[in-house]
Amino acid sequence: MGTALEGLKARLTDVQSLRSAGGLVSWEQQTYMPEGGATTRAGHLAILARLEHEMFTAEETGRLLDTAERELDGASYDDADVSLVRVTKHDYAIRTKVPAALVAEISAETALATQIWAKARAQSDFNAFAPSLEKMVDLTRQLADYLGYASHPYDALLDQYEPGTTTADVVEMFAGLRRDLLPIANAIAERKDSVSDAPIHRNFDVAKQKTFTEQAAAWFGFDFKRGRQDQSPHPFCQSLSPDDVRITTRFIPNFLSSSVFGTMHETGHALYEQGAGLGGLHPILASGTSLGVHESQSRMWENIVGRSRGYWSHFYPQLQALFPESLSDVDMETFYRAINKSEPSHIRVEADEVTYNLHIMLRFEMETDLVSGKLSVKDAPDAWEERSQGYLGLTPPDHKRGILQDVHWSIALIGYFPTYSIGNLLSAQFYETALKQHPSIPDEIAQGRFDTLLGWLRENIHQHGRRYFPQELVQRVTGEKINSRAYIAYLRAKFGEIYGF
Ligand code: ZN
């Protein structure tokens, strides 16, 4: 008879296969499925999700976890099998604490709320969405109660996406970020006309954009034998396994940044997923450890590498040669400034590196107040406007460009937004650490070489997959907790130079 550990591994392999199958079906839905497939496809996804849920949350999984833990008693914390049990126990606790009835209610209510939100957003009608938002806040509060928390219900929600990070951690992180970020944003605002992004809004042939973005992904190190790139309305990365990682992009003829930086972003996610297979971990651990750490990879490749002067000093001649009609009269320096234009705007997803986190702080404050009951849904639009003025110096002209702009609240993703900022902060923290060990990285980037940086990421982050919880990983790699120092230093140097302050 095999050990419990063997039994556990076999069971988790099946669980992971169901997840991958669901991932493939979902990827296909967003890329190639004809419109008519929508109704039956929802059923396919639902049954795969149900089978996965039943198998993972079964008592048998819990029994195997407990027994395997005893079998491994005394083994090192770092051991791959010990990690498998530790991380899976954390997942199992989260998934089994919540009653199936609440899971089903959230799923049914979000399906409804998403439709209501889409219509309300199109008509900029907050009152139409308000009852749904009430419902979402109520359901996520119930969810938090089942999950359990020490001091703030938001802790439980956040922990689903960023294990180990608390509301207090985020408050502390954002206090420093806000203090240092606002002066940078203000200095840029005073000089806002010194940079124009007009060149990237000229006409760019879509077929040629596709050629360039495929090359750009390969230059970074994306392995097309273990992945592919397709098109979808909203770019995303879907990993079926480290040997089959799919990214998508979208092409907009008069906005070159959308495909170029969107591809670099998704490639960053994909490199993490492709690298997560290098450590010989069980398939269920061979993936990114948290949304925040994942986002640190995408933002590093998109912004720190992809929007750097070094990168374009090497690749701009190729881009120019591909689009002579739009770029022959634009020199490299003008292009570099254009892709880095910073300006407060209403829409989060269109925000630049400097102002992006201000959007997140606003949402974090809104969410924690809604969940704690300090803020009512009725008063939420006024609170949004007030904070938008405080953070961005802008009052949204309508709810569509204000409180109704994001899909998250309609799908009960409360507690998710901070992971975007955690990703930004970590991108700079990790990059700074890589540079300390390999000062040649910027020069290599300026020669179009990324192997030292990618090798460092693989060794220190990617190969560990989900073996360590995010805070542990950050501490091991950087010797520090997540903090804003490196990110602020990066922004100050880069944007101070571009805008002259
Ligand atoms: Zn991302």
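The values are calculated or read from the model by the stated rules, or taken from the named source; none is laboratory data. Since we're looking at a predicted model, the values are computed, not measured. Every residue, glycine among them, receives a Cβ derived from its backbone with ideal geometry; neighbour counts consider all protein chains shown.
Name the residues in segment 390-427 that are part of a helix (DSSP H, G or I), surrounded by fewer than 23 Cβ atoms within 10 Å (Cβ to Cβ) and away from the ligand (no atom under 14 Å from the Cβ), would you?
Gly390, Tyr391, Leu392, Ile411
Do we have Gly455 as out of contact with any helix residue (DSSP H, G or I) (no Cβ under 6 Å at 6 or more places or on another chain), at pLDDT 95 or above and assigned to a helix (DSSP H, G or I) here?
yes
Can you find, within segment 251-276, the residue that is farthest from the ligand (Cβ to nearest atom) among those that are without any contact (Cβ under 8 Å) to a residue 40 or more places away in the chain and over 14 Å from the mean Cα position of the chain (by Cα)?
My answer is Ile252.
Could you check segment 102-134 and list, in sequence order, the residues that are crowded, with 20+ Cβ neighbours inside 10 Å and within 17 Å of Pro381 (Cα to Cα)?
Hits for segment 102-134 are Trp117, Ala120, Arg121, Phe126, Phe129, Ser132, Leu133.
Working only within segment 439-452, note down all residues that are under 27 Å from Lys481 (Cα atoms) and surrounded by 15 or more Cβ atoms within 10 Å (Cβ to Cβ).
Result: Ile441, Pro442, Phe450, Thr452.
Farther than 21 Å from Gly279 by Cα, of a type in the set (Asp, Glu) and not assigned by TED's automatic domain parsing to the domain that holds Leu240 - does that describe any residue in segment 28-38?
Among the residues of segment 28-38, at least one is farther than 21 Å from Gly279 by Cα, of a type in the set (Asp, Glu) and not assigned by TED's automatic domain parsing to the domain that holds Leu240, which makes the answer yes.
If Asp155 satisfies every condition in (1) among the acidic types (Asp, Glu); (2) at pLDDT below 95; (3) surrounded by 15 or more Cβ atoms within 10 Å (Cβ to Cβ) but one, which is the exception?
Failing condition for Asp155: (2).
Return the pair list, or none, for Cβ contacts closer than 7 Å from residues in segment 101-127 that are free of Cβ contacts under 8 Å to residues at least 12 places away in the same chain and closer than 14 Å to Ser410 by Cβ to residues that are of a type in the set (A, V, I, L, M) and assigned to a helix (DSSP H, G or I), at least 6 apart or on different chains.
Lys119/Ala128
Name the pairs: first residue in segment 279-295 and closer than 15 Å to Gly268 by Cβ, second residue of a type in the set (Val, Ile, Thr) and away from the ligand (no atom under 16 Å from the Cβ), Cβ to Cβ under 8 Å, at least 6 apart or on different chains?
That search, which allows pairs on different chains as well, returns Gly292/Thr165; Gly292/Ile482; Val293/Val474.
Go through (1) without any contact (Cβ under 8 Å) to a residue 24 or more places away in the chain; (2) in contact with a His (Cβ under 9 Å, 6 or more places away or on another chain) one by one and return the number of the condition Ala80 breaks.
Unmet condition: (1).
Within segment 381-391, can one find any residue that is in contact with a Gly (Cβ under 8 Å, 6 or more places away or on another chain) and of a type in the set (S, T, N, Q)?
Yes: segment 381-391 contains one or more residues that are in contact with a Gly (Cβ under 8 Å, 6 or more places away or on another chain) and of a type in the set (S, T, N, Q).
Please determine, by comparing only the residues of segment 110-167 that are part of a helix (DSSP H, G or I) and of a type in the set (Val, Ile, Thr), which one is farthest from the chain's Cα centre (by Cα).
Per the criteria, the residue is Ile116.
Working only within segment 277-288, note down all residues that are touching an Asp or Glu at 6+ places or on another chain (Cβ under 9 Å) and more than 11 Å from the ligand (Cβ to nearest atom).
Gly277, Leu278, His282, Ile284, Ala286, Ser287
Go through segment 188-236 and give me each residue that's part of a loop (DSSP other than H, G, I, E, B), within 16 Å of the ligand (Cβ to nearest atom) and of a type in the set (S, T, N, Q).
The one that is part of a loop (DSSP other than H, G, I, E, B), within 16 Å of the ligand (Cβ to nearest atom) and of a type in the set (S, T, N, Q): Ser232.
Has segment 293-311 got any residue that is closer than 28 Å to Leu8 by Cβ and either of a type in the set (A, V, I, L, M) or away from the ligand (no atom under 16 Å from the Cβ) (or both)?
Yes, some residue in segment 293-311 is closer than 28 Å to Leu8 by Cβ and either of a type in the set (A, V, I, L, M) or away from the ligand (no atom under 16 Å from the Cβ) (or both).
I'm trying to understand the selection: among the residues of segment 196-242, which are under 22 Å from Ile339 (Cβ atoms) and of a type in the set (Gly, Ala, Ser)?
Once the filter is applied, which keeps residues that are under 22 Å from Ile339 (Cβ atoms) and of a type in the set (Gly, Ala, Ser), segment 196-242 yields Ser196, Ala198, Ala207, Ala216, Ala217, Ala218, Gly221.
With respect to Thr40, determine if the residue is buried (at least 16 other Cβ atoms within 10 Å of the Cβ), among the hydroxyl-bearing types (Ser, Thr, Tyr) and assigned to a helix (DSSP H, G or I).
no
Between a first residue in segment 193-220 that is outside the structural domain of Trp456 (by TED's automatic domain parsing) and over 23 Å from Thr267 (Cβ atoms) and a second residue that is assigned to a helix (DSSP H, G or I) and of a type in the set (S, T, N, Q), which pairs have beta carbons less than 8 Å apart while being 6 or more apart in sequence or on different chains?
Taking only residues 6 or more apart or on different chains, not a single pair turns up.
Among (1) within 25 Å of Tyr161 (Cβ to Cβ); (2) at pLDDT 95 or above; (3) surrounded by fewer than 21 Cβ atoms within 10 Å (Cβ to Cβ), which single condition is Gly279 missing?
Unmet for Gly279, out of (1) within 25 Å of Tyr161 (Cβ to Cβ); (2) at pLDDT 95 or above; (3) surrounded by fewer than 21 Cβ atoms within 10 Å (Cβ to Cβ): (2).
Six or more apart or on different chains, Cβ under 8 Å: which pairs go from a residue in segment 237-250 that's within 14 Å of Gly465 (Cα to Cα) and within 16 Å of the ligand (Cβ to nearest atom) to one that's assigned to a strand (DSSP E or B) and among the charged types (D, E, K, R)? Could you list them?
Ser239/Arg246
Looking for something within 20 Å of the chain's Cα centre (by Cα), farther than 16 Å from Asp352 by Cβ and without any contact (Cβ under 8 Å) to a residue 60 or more places away in the chain - is there at least one such residue anywhere in segment 484-495?
No, segment 484-495 has no match at all.
Can you confirm whether Thr334 is among the polar types (S, T, N, Q) and either more than 16 Å from the ligand (Cβ to nearest atom) or touching a strand residue (DSSP E or B) at 6+ places or on another chain (Cβ under 8 Å) (or both)?
yes
Could you tell me whether any residue of segment 364-386 is modelled with pLDDT of 95 or more, surrounded by 15 or more Cβ atoms within 10 Å (Cβ to Cβ), basic (Lys, Arg) and in the same structural domain as Lys494 (by TED's automatic domain parsing)?
No.
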